[in-house]
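Below is one structure, written out as structure tokens; the observations come after it.
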Amino acid sequence: MITKAEKRQRLARWIRGTLIVATLPILSIPAGCNRAHYRQRADQEVCELVNEKVVDASAPAIPSVQMRRESRMFDPFNPDRPPMPEDDDVAHQYMKVLNGKKHYPLWDVNGKTNTAENPVWWQYLPLDERGVLVLDANAAVRLATLHNTTYQQEIETLYLSALDVSTERFFLGNQLFAGYSAAYTADGKLRRGGGGNSSSTLSNGVFSRGARGIALQRQFTNGAEMIVGLANSLTWQLAGPDTQTATTVIDFSFIQPLLRGGGRDVVMERLTLAERTLLYNVRAFERYRTGFYLNVTVGRNNDAGPTRRGGLFGGAGLQGFTGLGGGFGTVGNVQNNAGAGFGGGGAVPQVGGFLGLVQNQLQIRNAEENVARLRDNLARFEDTLREQLTIIPASQDAIPSQQLQVAQARQALISAQATLLQSRFSYENSLDNFKGTLGLPPYVCIEIKDPILDQFNLISVNLRDRRAQIGDLREDIGDANTIILEESVIETDKSTGDKFRTLVWSDTTAQAISEIRNRIERLQNLRMIILQQDIQEIRTDLARLREVLPERERSLARLREMYEQERNTVCALLPTDSLDMALLESTDLPSLPDSLQAELDKIENRFLQREEILKKIDSDMQSVLASGQQQDKRKQYETLRDQAILPSQSLLAEFAEDALSLQVLQARARVESVILPEVDIAPEEAVEIARVNRLDWMNSRASLVDSWRAIEIVADNLESTLDVVFSGDIQNANDNPLSLRGKTGRLRAGLQWDSPLTRMQERNQYRQVLIEYQQAKRNYYRYEDAVWQQLRSEIRNLRYNQYNFELQRYAVRIAAQQIIINEDLRLIRENLSLASGPTAARDSVSALQDLLNAQNTFLGVWVFYEAQRRNLDQDLGTIRVDGENIWVDPGPITSEMYGFPRATPEVILEQETQTAKPWGGGEILPVSASVAPSDTLYRPDNRSANEPLSAGVQVAPQVQLR
């Protein structure tokens, strides 16, 4: 007989044991189970998953989702408990009181911040001592990689895609659920069922969100599901009846689908799709990363990046399945960055991105040089007008005609200055837009400085400065001569009636002559600089020309060869039968450096000879100043005219002419030295290279298989449900929770069958997925067509610009020749003491505008060609970037690089006459009156027209390579 004291001791022991059992789960919780722990575990698992899918070990590592400290996007605060950002005052009231009820009071427990960007990112910008960010192409790409938000978003999308894989792997792994619950219950004495007595009980047991208090769940890849669980409850009566109870149940359930929902094809599809999607996304990011370089440097549209199927509650993205549509999303989605080439009529090819900004810079410099030339042109017409004013012209319209030429030249100068201002305005707008591409705010001061287009500085900065200095001296001397003319008076000879000028000596006249003499001294210094620096620089340009001549001759020879190959070809990539082959001849090229050298020597000799002329002019003006006032006012004017006005103007004109000749000579040498990087590949070869190397093509092929595989997945829902069910449990035999006995157990086995009587929704989904598969197939071959079109267009564009480059080179040469001819015509009329011709101003302006257009187009063709060469490298799938996203230049892109022989007329003819066959042999049945077009299909050899195709027959067309 158990006494009450023993019962109380026993109850005390049970309570102590229960409390120990209750505290064990709490004490067993790992210390790392906080927000940071889960975030770090997720980062580690994603890194491992992504690295599994990287195929090219030589490619740069996939960037981490964590941003670098220098980035504008970097968050310096605790990532798991970030401070609250600045909120709208009105909206924030709803986080305090909502519908009259107090809200959560600890929203600001993590602090507040008034900035969304890294507050110290500015200090990491590599600013120079002026506070200016100086960028070349590589620095721009590095900055964009660091700050561009879209680039970071693509990394994060890839990260989330890896989380989808982690989720799907979890669904097919062991899932353990365990927890604990405890409750104290007090009942009053009048509570129904209490027997008129009050009572209090303490109960505890296992608890979890799983199927059981403690549960182990597992879904097998063949569709089977198993759950093993433990349910336990301990209850003590603390007041009232002195009782205690214990209940323990261990059970299991196993279900194996045999028809619907069974089989690895269905069960593993979500994980398969998630794993394959992560592979696609790794490839898509690799292609996006190389395309990102092109977006920054040449303005190419970004290639499609990673795309996530799932979501926060989506897993692999198969919930609410409506078919896979066109697959992964890249099928039939090929962007064509080849452009349409450039038309005639002076169209200037233009690219975007960093290279476009450098191109704009150079075009602005060309426009500035054009303004300088127009200013010189105006000065020449003004000089002629002054010379006409120093004499009495034979015809009455000579001076008005010359004044008209001056007005036209001045109008052209004003128009050119307005155009230059517009160009600078557009450049600054483009620069602000480019800052957005880099991820920088518009207020950052940026200076674009890159040597890539230095070869198109056809006239050196030093020689431009020299021309400007001569122009300033010419303007100063012209102003001084104008003062002298204004001091003179026109008189009439009473005996003959002839008009002449007289001059009374004054301090103003003496001051003007002193100014001319001072400028002549500066001109002497300028002459020495031209001889010692500028002419030597041009000799260096001529040496460079001699170095590149062999490559120029090879390039022209290859263009002539391509011209001959395609001239009589049907459906040629670029018909060139109307092209003037004389423009591709190189017969005069070997002698060009010597002829330019001879011309340079002549100019140098003229500058050497001018030393004595300068000394004589200075001496004559010194004599004029020393003699002062003469008795004969007419003689006074003629002395000044012959020893100051005309000699100084003539000398400045000669300096300006020879400076222009030096510029034209230097431009000619530099124009002939520029070469295009070699690109010589056939479209058929390019497509085969892309088929092997393009990551988006790999994804498109795999996506088509995803659509095909979906047929089996959806068709599974049309089947009956037939499951094998096996379950059982075992319980404790008494109040001891551990007294489990076999006699208390239960086993249950059976079958569950559901007939397929209602399959309307499943039927519609099945028909949908069949149609979508056919759509996906069509999208795929349309994708292949788009790749063909894209590569043909790019190669055609490159070939067109190879020809066009030589045409524009010739155009620059002709435009420069026009300027020289106009100058020769002016000198002839000047030597004959004639005014400028009636169209002289317009001819000069037209020649200068032609030169500006030819320079800009010549530059634009090279820039666009270079952009297309980089695009071709991307679209072949052969592009490589280093760890900083900087492009690794492959050099020449030719057939030999990829193992193809160089095209010859014989090989091309063989290609055109060779009949292509589908894969697997066989024949293509022609469309005839007896066969409907829909029945015209590939039939292998020795197979009847009515016999269906077997699964092993390959019917996709294969391009026959030479």
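The values are calculated or read from the model by the stated rules, or taken from the named source; none is laboratory data. The structure displayed is predicted, hence computed values, not measured ones. No Cβ is skipped: glycine too gets one built from the backbone with ideal geometry, and neighbour counts run over all protein chains shown. To get the accessible areas, we keep the full protein, side chains included, count just its heavy atoms, and leave off ligands, DNA and RNA. Shrake-Rupley method; radii C 1.70, N 1.55, O 1.52, S 1.80 Å.
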Next on the checklist: I'm trying to understand the selection: among the residues of segment 611-640, which are open to solvent by 70 Å² or more (accessible area, probe 1.4 Å) and in contact with a strand residue (DSSP E or B) (Cβ under 6 Å, 6 or more places away or on another chain)?
Outcome noted: 633, 634
Checklist entry - How about segment 39-96: which of its residues are open to solvent by 60 Å² or more (accessible area, probe 1.4 Å), aliphatic (A, V, I, L, M) and not in a loop (DSSP other than H, G, I, E, B)? => result 90
Item to check | Filtered residues of segment 514-529 (kept if surrounded by 11 or more Cβ atoms within 10 Å (Cβ to Cβ) and free of Cβ contacts under 8 Å to residues at least 12 places away in the same chain) | outcome: 518, 528
Item to check | Qualifying residues in segment 662-697 (those that are among the basic types (Lys, Arg) and open to solvent by 10 Å² or more (accessible area, probe 1.4 Å)) - the one modelled with the highest pLDDT | outcome: 691
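Would it be correct to say that residue 463 is in contact with an Asp or Glu (Cβ under 8 Å, 6 or more places away or on another chain), open to solvent by less than 50 Å² (accessible area, probe 1.4 Å) and farther than 25 Å from residue 144 by Cβ? Reasoning before the result, please.
Values: in contact with an Asp or Glu (Cβ under 8 Å, 6 or more places away or on another chain): yes; open to solvent by less than 50 Å² (accessible area, probe 1.4 Å): yes; farther than 25 Å from residue 144 by Cβ: yes.
So residue 463 fits the description; yes.
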Checklist entry - Out of all the residues in segment 127-141, which are in contact with a strand residue (DSSP E or B) (Cβ under 7 Å, 6 or more places away or on another chain) and either among the acidic types (Asp, Glu) or assigned to a loop (DSSP other than H, G, I, E, B) (or both)? => result 128, 132
Checklist outcome for this item: Inside segment 232-278, the number of residues satisfying the requirement of being among the small types (Gly, Ala, Ser) and at pLDDT 85 or above is 5
Item to check | Verdict on residue 136 being surrounded by 14 or more Cβ atoms within 10 Å (Cβ to Cβ), over 30 Å from residue 228 (Cβ atoms) and among the charged types (D, E, K, R) | outcome: yes
Next on the checklist: Within segment 826-833, does at least one residue satisfy the condition of being part of a helix (DSSP H, G or I) and either modelled with pLDDT of 85 or more or open to solvent by less than 20 Å² (accessible area, probe 1.4 Å) (or both)?
Outcome noted: no
Next on the checklist: Quick test for you: out of 488, 460, pick the one residue that is more than 22 Å from residue 656 (Cα to Cα) and not hydrophobic (A, V, I, L, M, F, W, C).
Outcome noted: 488
Checklist entry - When segment 865-888 is examined, which residues are found to be in contact with a Leu (Cβ under 9 Å, 6 or more places away or on another chain), over 17 Å from residue 693 (Cα atoms) and of a type in the set (Gly, Ala, Ser)? => result 867
Checklist outcome for this item: Sole miss for residue 792 among (1) in contact with a Gly (Cβ under 7 Å, 6 or more places away or on another chain); (2) in a helix (DSSP H, G or I) is condition (1)
Item to check | Hits in segment 350-395 (condition: outside any helix (DSSP H, G or I) and either among the charged types (D, E, K, R) or at pLDDT below 80 (or both)) | outcome: 391, 392, 393, 394, 395
Item to check | Which numbered condition residue 725 misses (of (1) under 24 Å from residue 265 (Cβ atoms); (2) open to solvent by 40 Å² or more (accessible area, probe 1.4 Å)) | outcome: (2)
Next on the checklist: Given the criteria surrounded by fewer than 21 Cβ atoms within 10 Å (Cβ to Cβ), in contact with a Ser or Thr (Cβ under 9 Å, 6 or more places away or on another chain) and farther than 30 Å from residue 594 by Cβ, does residue 651 qualify?
Outcome noted: no
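Within the bounds of segment 287-302, is there any residue that is open to solvent by 40 Å² or more (accessible area, probe 1.4 Å), under 32 Å from the mean Cα position of the chain (by Cα) and within 23 Å of residue 878 (Cα to Cα)?
Yes, some residue in segment 287-302 is open to solvent by 40 Å² or more (accessible area, probe 1.4 Å), under 32 Å from the mean Cα position of the chain (by Cα) and within 23 Å of residue 878 (Cα to Cα).
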Next on the checklist: Checking the condition in a helix (DSSP H, G or I), more than 30 Å from residue 798 (Cβ to Cβ) and modelled with pLDDT under 85, which residue from 598, 644 passes?
Outcome noted: 644
Checklist entry - Among the candidates 516, 530, 477, which residue alone is in a helix (DSSP H, G or I), under 30 Å from residue 602 (Cα atoms), touching an Asp or Glu at 6+ places or on another chain (Cβ under 8 Å) and not assigned by the TED database to the domain that holds residue 374? => result 477
Checklist entry - Which one is surrounded by the fewest Cβ atoms within 10 Å (Cβ to Cβ) among residues in segment 480-513 that are part of a loop (DSSP other than H, G, I, E, B) and touching a Lys or Arg at 6+ places or on another chain (Cβ under 7 Å)? => result 504
Item to check | Every pair of residues 6+ apart whose Cβ atoms lie under 6 Å, when the first sits in segment 121-132 and is within 10 Å of residue 72 (Cα to Cα) and modelled with pLDDT of 90 or more while the second is open to solvent by 40 Å² or more (accessible area, probe 1.4 Å) and basic (Lys, Arg) | outcome: 121/72
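Tell me whether segment 798-816 contains one or more residues that are among the hydrophobic types (A, V, I, L, M, F, W, C), under 23 Å from the mean Cα position of the chain (by Cα) and surrounded by fewer than 18 Cβ atoms within 10 Å (Cβ to Cβ). Give the derivation first.
From segment 798-816, those among the hydrophobic types (A, V, I, L, M, F, W, C) are 798, 805, 807, 811-812, 814-816; that's our starting set.
Those left that are additionally under 23 Å from the mean Cα position of the chain (by Cα): 798.
Those still in the list that are surrounded by fewer than 18 Cβ atoms within 10 Å (Cβ to Cβ) too: none.
There is no residue in segment 798-816 that is among the hydrophobic types (A, V, I, L, M, F, W, C), under 23 Å from the mean Cα position of the chain (by Cα) and surrounded by fewer than 18 Cβ atoms within 10 Å (Cβ to Cβ).
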Item to check | Residues located in segment 109-162, provided they are among the acidic types (Asp, Glu) and over 30 Å from residue 277 (Cα atoms) | outcome: 117, 128, 129, 136
Checklist entry - Does segment 703-710 contain any residue that is touching a helix residue (DSSP H, G or I) at 6+ places or on another chain (Cβ under 9 Å) and closer than 30 Å to residue 249 by Cβ? => result no
Checklist outcome for this item: Counting only residues that are crowded, with 21+ Cβ neighbours inside 10 Å and more than 22 Å from residue 260 (Cβ to Cβ), segment 698-720 contains a total of 4
